[in-house]
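Report on the following structure.
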Amino acid sequence: MSREKAYLQMLESSAAIQWNIAMILEAKAVEAEKVKQWTQNHVHARVFESQQDQLKESISIHEVVVELMEGLTKLENGLYSNLKAVLGSGEEGGGEGFDGMSGDGFDFGEESK
């Protein structure tokens, strides 16, 4: 398999993964709305014996959300590395590809200053 075909296959796989991530996020948004409604109706001071119990329940809900976001962030960072390898290599032009996106957005050069 040639290098170009391998890169193309990596890009197609990345696109498929991104599509699946979008579908997961859409389903999670619907689920999050349901959880929000349930939480608003059930997690209040009258339900718990002490404020400590209420705080523990709120923290456990928050931890699940944070865990989900950490997992998605790790997945996206992995995809970014693959895309950077594909789009950033093979270019003989210096600042081409994803090199300008390494954390603080695009680098538009002197004109943007």
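Brief remarks on what is shown
- For the cross-link pairs Lys34/Lys74; Lys28/Lys74; Lys34/Lys56, the ones whose C-alpha atoms lie over 23 Å apart are Lys34/Lys74.
- Across the options Ala29, Thr73, Ser13, the greatest Cα extent toward the positive end of the charge dipole of region 3-83 (unit charges at beta carbon of Lys, Arg, Asp, Glu) belongs to Ser13.
Every read-out reported here was derived from the displayed coordinates using simple, explicitly stated rules and does not represent laboratory data. Note that the structure is predicted; figures quoted are calculated from it, not measured. Heads up, the Cβs are rebuilt from the backbone with ideal geometry, glycines too, and the neighbour counts pull from every protein chain shown.
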